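Peer 1: Input: one structure, supplied below.
The values are calculated or read from the model by the stated rules, or taken from the named source; none is laboratory data. Bear in mind the structure is a predicted one, so any value in this text is a computation, not a measurement. Quick reminder, even Gly has a Cβ in these numbers, built from the backbone with ideal geometry, and neighbours come from all protein chains shown. In case anyone asks, the SASA skips ligands and DNA or RNA and just uses the protein heavy atoms, side chains included. Shrake-Rupley method; radii C 1.70, N 1.55, O 1.52, S 1.80 Å.
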Amino acid sequence: MFDYFLQQLIFALAIGAIYGLIALGYTMVYGVMRLINFAHGEFFMLGPYVYTFIFSGLIGLGGLAPVLDSVIAIVASFVIVGLLGVAIERFAYRPLRAYGRLAPMLSALGMSIVLQSAVRVTVGPQPVHFPAIVPSAPIESLGGMVTTVQVGILAAAVLLMVGLTLFVNGTRLGIWIRAASESWTTSSLLGIRVNRAVSLVFFIGPGLGAMAGIMYASYYGIMQPTMGSVIGLKAFTAAILGGIGSIPGAMLGGFLLGAIEVFGTAFLPILSFGYIGTEYRDVFAFAVLILVLLFKPAGLLGETVSEETTVAKKDY
Amino acid sequence: MGNSVIVRRLGLLAVLALCVLLLSLVPFMPSYYVRVVDSILIYIILAVGLNLVVGYAGLLDLGFIAFYAVGAYAYALLASGQFDIHLPFIVVLFIGAAAGAIAGVLLGFPVLKLRGDYLAIVTLSFGEIIRIAINNADDITNGPQGIAGLDRANLFGLPLTSPVHFYWLLLVLTVLVCAGVYYMERSILGKAWRALREDQDVVRGLGINTTTLKLLAFALSAAIGGAGGVIFGSFQRFVSPESFTFQESLLVVLIIIIGGVGNIVGVIAGAVVLVVLPEVLHFAAQYRLLIYGVVLVTVIVLRPGGLVSPRFNLGFIIRKVRTLWLSPSKT
């Protein structure tokens, strides 16, 4: 029983870390632009595709050291997907700033269709095998049911999260981002170039999404053009759960959603005497979200201010 | 009365005649085109309904398709061999609308505290919950296989069998829904909604109950969605959870934004564009979605306020026609 629990726990942490990384992209973009970036799930999907492209390219050229190839491909996919994010913000969102909040949101939706169908047209709609980065082996000391891949994902995700926290809280660029999230007007009066902060956020967010995508693909050993839709939606709920706009909230929301899903799936049939099966997993996640929002309308770590100041008075 | 007035009156008559001619020519088109027009009309009804919440009251609802699903499944359960209940179409139409309204109030009640994006995500979750529940309640809804062999709709003894029959039904309903919503838009209720959209505090300060206002918007729009679902069910004579995905909710929102928020003329234009565009793009085979997405983003970036200007609305057209006819000197 304990082995089973440990296995479920590690699984929950690994999948939660992936949700958290994607949720970070949603929450940071929301923080500076008050925009639900519906295209974000597609950056998650692009990660493993770009990785495979670069990796096989390097191998095709003869390859460097075995580990180095993977590392270069990982870094390159962060940078490439990040730059794509910056370009999309520049051309599809920035012209719409003066037009309320619905127009950019719908533009993001259009970008999501464009990115997904572009990948489908180039590589075909079928799922493709994703080469393992870390060889999968059971770790005996943890009961033999936990694999190296799970631990690797968890370690990498936590590393990225710590790095991001240090970056946002401790560097000059991080101050830009935080200032722009507070108020555009004030920070531009204080000499911060808000547009650069926005570009920075649109580099980091999609980059982290791509990393999450690579982790997800190496966990399941498979990638496909539609993989970003459902996961993106779930990561967005994770961001809301934690309190959108809050960076620690996104991480917390991710881990929480992972735990809810995994333990809900594992114990729901037992608790309900088999009446409610695992197929209700997604209902469970959404129901928890609604419940949390009923009692904490700004999410778990969102600012607890009055209803009207939580978001701009004039919403849409 | 000068010459120019006569010319303008003739011009107006010509435009009206052209509209009537186009609408009455639809039944003579090949079945495929009639089907496309039918689906445009269904989406107009849905979008006009959702527009009550998004456009007038300023509450973003991303789970609208759930009410459509409620209506469609109401028809599927009450007029098919599933439970061997065979209620007449018109009865189910009202039941579907009522069921939609109840679902709207059920959703509206808990989420009234939320605003903006939190409301958006909760409505989205609600839509997904309804779809997943339908997908899994095998005993009632047959799960993913859906319910087939729904009754042929029958309106007071007139069987509705071909797309052309549905065309007339949908045309009448679209006009009714548009007229009803237009009437509401101009009533004190519509003004209160628009005030709610601009600033909640002020509305509350004026002594208006914002909770009732929001619930009313939710219920009315959900009722329209439910009625739309009943028609969809009777038209397809088959329902399955696949027709009610999150993407469908987004499509209805897109129609409103592309056309012009809070503007019935805009919504009609948006529905025509977004339903016809994928049909036109059939030639592009696998590039269809890619082109569709590119066109979408381009349109939004070039015309962020929607294709139809907010000034060009139903009220404007009616005013124009009336003044030109009754007191042309003022125009």
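Peer 1: Can you tell which of A:Val149, A:Val123, A:Val168, A:Val128 is over 24 Å from A:Ala92 (Cβ atoms) and open to solvent by 40 Å² or more (accessible area, probe 1.4 Å)? Spell out how you get there, then give the answer.
Peer 2: Details: A:Val149 fails: open to solvent by 40 Å² or more (accessible area, probe 1.4 Å); A:Val123 fails: over 24 Å from A:Ala92 (Cβ atoms); A:Val168 fails: open to solvent by 40 Å² or more (accessible area, probe 1.4 Å).
None of the others qualify; the one that does is A:Val128.
Peer 1: Tell me the residue from B:Arg322, B:Arg288 that is among the basic types (Lys, Arg) and within 14 Å of another protein chain (Cβ to nearest Cβ), please.
Peer 2: Details: B:Arg322 fails: within 14 Å of another protein chain (Cβ to nearest Cβ).
Just a single option satisfies the conditions, and that option is B:Arg288.
Peer 1: Taking the stretch A:93-143, which residues are part of a loop (DSSP other than H, G, I, E, B) and closer than 28 Å to B:Ala285 by Cα? Before you say what the answer is, go through the steps one by one.
Peer 2: Here is the first cut: in the stretch A:93-143, the residues part of a loop (DSSP other than H, G, I, E, B) are A:97-101, A:124-127, A:130-137, A:139, A:143.
A:Gly124, A:Pro125, A:Gln126, A:Pro127, A:Phe130 - these are the residues of the stretch A:93-143 that are part of a loop (DSSP other than H, G, I, E, B) and closer than 28 Å to B:Ala285 by Cα.
Peer 1: May I ask you to list the residues in the stretch B:234-271 that are more than 29 Å from A:Val283 (Cα to Cα), surrounded by fewer than 24 Cβ atoms within 10 Å (Cβ to Cβ), small (Gly, Ala, Ser) and away from chain A (no Cβ under 14 Å)?
Peer 2: If the condition is that a residue be more than 29 Å from A:Val283 (Cα to Cα), surrounded by fewer than 24 Cβ atoms within 10 Å (Cβ to Cβ), small (Gly, Ala, Ser) and away from chain A (no Cβ under 14 Å), then B:Ala269 is the only one that fits.
Peer 1: Which residues, counting only those in the stretch B:97-125, are in a helix (DSSP H, G or I), within 14 Å of another protein chain (Cβ to nearest Cβ) and touching a residue at least 60 places away in the same chain (Cβ under 8 Å)?
Peer 2: Start the filter on the stretch B:97-125 by keeping residues that are in a helix (DSSP H, G or I), which leaves B:97-111, B:116-125.
Checking the rest, the ones that are also within 14 Å of another protein chain (Cβ to nearest Cβ) come to B:106-111, B:116-125.
Once the filter is applied, which keeps residues that are in a helix (DSSP H, G or I), within 14 Å of another protein chain (Cβ to nearest Cβ) and touching a residue at least 60 places away in the same chain (Cβ under 8 Å), the stretch B:97-125 yields B:Leu107, B:Gly108, B:Phe109, B:Leu119, B:Ala120, B:Thr123, B:Leu124, B:Ser125.
Peer 1: Scan (1) of a type in the set (Phe, Trp, Tyr); (2) over 26 Å from A:Ser117 (Cα atoms); (3) touching a Pro at 6+ places or on another chain (Cβ under 9 Å) for the single condition B:Tyr292 breaks and write down its number.
Peer 2: (2)
For every residue, the table says whether it meets (1) under 30 Å from B:Ile140 (Cβ atoms); (2) among the hydroxyl-bearing types (Ser, Thr, Tyr).
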{"residue": "B:Ala222", "(1), (2)": "yes, no"}
{"residue": "B:Phe238", "(1), (2)": "yes, no"}
{"residue": "B:Ser243", "(1), (2)": "yes, yes"}
{"residue": "B:Ser249", "(1), (2)": "yes, yes"}
{"residue": "B:Ile257", "(1), (2)": "no, no"}
{"residue": "B:Ala269", "(1), (2)": "no, no"}
{"residue": "B:Val273", "(1), (2)": "no, no"}
{"residue": "B:Val280", "(1), (2)": "no, no"}
{"residue": "B:Gly293", "(1), (2)": "no, no"}
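Peer 1: Also: Sort out for me the helices (runs of 4 or more DSSP H) sitting completely within the stretch A:178-288 that have 3 or more residues that are over 26 Å from A:Arg34 (Cα atoms). Even if it seems obvious, please write down each step before you answer.
Peer 2: Details: elements: A:184-189, A:194-220, A:227-242, A:247-271.
Passing ranges, in order: A:194-220, A:247-271.
Peer 1: Then there's this: Output the residue which, of all residues in the stretch A:187-241 that are within 14 Å of another protein chain (Cβ to nearest Cβ), within 13 Å of the chain's Cα centre (by Cα) and not hydrophobic (A, V, I, L, M, F, W, C), is farthest from A:Thr165 (Cα to Cα). Don't jump to the end; show me each part of the working.
Peer 2: So the first thing to find is which residues in the stretch A:187-241 are within 14 Å of another protein chain (Cβ to nearest Cβ), and the list is A:225-226, A:228-241.
Pick out the ones that are also within 13 Å of the chain's Cα centre (by Cα) and you get A:228-240.
Okay, now just the ones that are also not hydrophobic (A, V, I, L, M, F, W, C), so A:228-229, A:232, A:234, A:237.
Values: A:Gly228: 25, A:Ser229: 27, A:Gly232: 22, A:Lys234: 22, A:Thr237: 21 Å.
In this case the residue turns out to be A:Ser229.
Peer 1: Now a separate question. So, in the stretch B:193-224, how many residues would count as being buried (at least 21 other Cβ atoms within 10 Å of the Cβ) and farther than 20 Å from B:Leu114 by Cβ?
Peer 2: Within the stretch B:193-224, residues that are buried (at least 21 other Cβ atoms within 10 Å of the Cβ) and farther than 20 Å from B:Leu114 by Cβ number 2.
Peer 1: Here's a check for you: in the stretch B:126-147, which residue that is in contact with a Ser or Thr (Cβ under 7 Å, 6 or more places away or on another chain) and at the interface with chain A (Cβ under 10 Å from one of its Cβ atoms) is surrounded by the fewest Cβ atoms within 10 Å (Cβ to Cβ)?
Peer 2: B:Arg131
Peer 1: Now, a different point. Identify, please: which residue in the stretch A:1-48 is among the hydroxyl-bearing types (Ser, Thr, Tyr) and in contact with a helix residue (DSSP H, G or I) (Cβ under 6 Å, 6 or more places away or on another chain) and is, among those, nearest to A:Gly258 (Cα to Cα)? Spell out how you get there, then give the answer.
Peer 2: The initial filter retains those residues of the stretch A:1-48 that are among the hydroxyl-bearing types (Ser, Thr, Tyr), namely A:4, A:19, A:26-27, A:30.
Remaining after also requiring in contact with a helix residue (DSSP H, G or I) (Cβ under 6 Å, 6 or more places away or on another chain): A:19, A:26-27.
Working: A:Tyr19: 7, A:Tyr26: 17, A:Thr27: 17 Å.
Checking each candidate, the answer is A:Tyr19.
Peer 1: Still on this structure, I have one more. Could you tell me how many of the residues in the stretch B:126-136 are polar (S, T, N, Q) and either touching a residue at least 24 places away in the same chain (Cβ under 8 Å) or not in a helix (DSSP H, G or I) (or both)?
Peer 2: Just the residues of the stretch B:126-136 that are polar (S, T, N, Q), to begin with: B:135-136.
When the remaining residues are screened for being either touching a residue at least 24 places away in the same chain (Cβ under 8 Å) or not in a helix (DSSP H, G or I) (or both), the result is B:135.
Residues flagged as polar (S, T, N, Q) and either touching a residue at least 24 places away in the same chain (Cβ under 8 Å) or not in a helix (DSSP H, G or I) (or both) within the stretch B:126-136 amount to 1.
Peer 1: With the structure loaded, tell me whether B:Leu274 is over 19 Å from the mean Cα position of the chain (by Cα), part of a helix (DSSP H, G or I), surrounded by 15 or more Cβ atoms within 10 Å (Cβ to Cβ) and touching a residue at least 12 places away in the same chain (Cβ under 8 Å) or whether it fails that test.
Peer 2: On the way: over 19 Å from the mean Cα position of the chain (by Cα): no; part of a helix (DSSP H, G or I): yes; surrounded by 15 or more Cβ atoms within 10 Å (Cβ to Cβ): yes; touching a residue at least 12 places away in the same chain (Cβ under 8 Å): yes.
No: the conditions fail for B:Leu274.
Peer 1: Which condition does A:Ala155 not pass, out of (1) under 19 Å from the mean Cα position of the chain (by Cα); (2) modelled with pLDDT under 85, if it passes all the others?
Peer 2: (2)
Peer 1: On to the next question. Could you list, in sequence order, all residues of the stretch A:96-120 that are at the interface with chain B (Cβ under 7 Å from one of its Cβ atoms) and within 17 Å of A:Arg34 (Cα to Cα)?
Peer 2: Initial filter on the stretch A:96-120 (at the interface with chain B (Cβ under 7 Å from one of its Cβ atoms)): A:96, A:99, A:102-103, A:106-107, A:109-111, A:113-114, A:117-118.
Correct list: A:Leu96, A:Tyr99, A:Leu102, A:Ala103, A:Leu106, A:Ser107, A:Leu109.
Peer 1: Let me ask another. Go through the stretch B:1-53 and give me each residue that's farther than 30 Å from B:Gly71 by Cβ and not in a helix (DSSP H, G or I).
Peer 2: B:Met1, B:Gly2, listed by residue number.
Peer 1: Restricting to the stretch B:67-90, name every residue that is without any contact (Cβ under 8 Å) to a residue 12 or more places away in the chain and more than 20 Å from B:Asp139 (Cβ to Cβ).
Peer 2: B:Leu87
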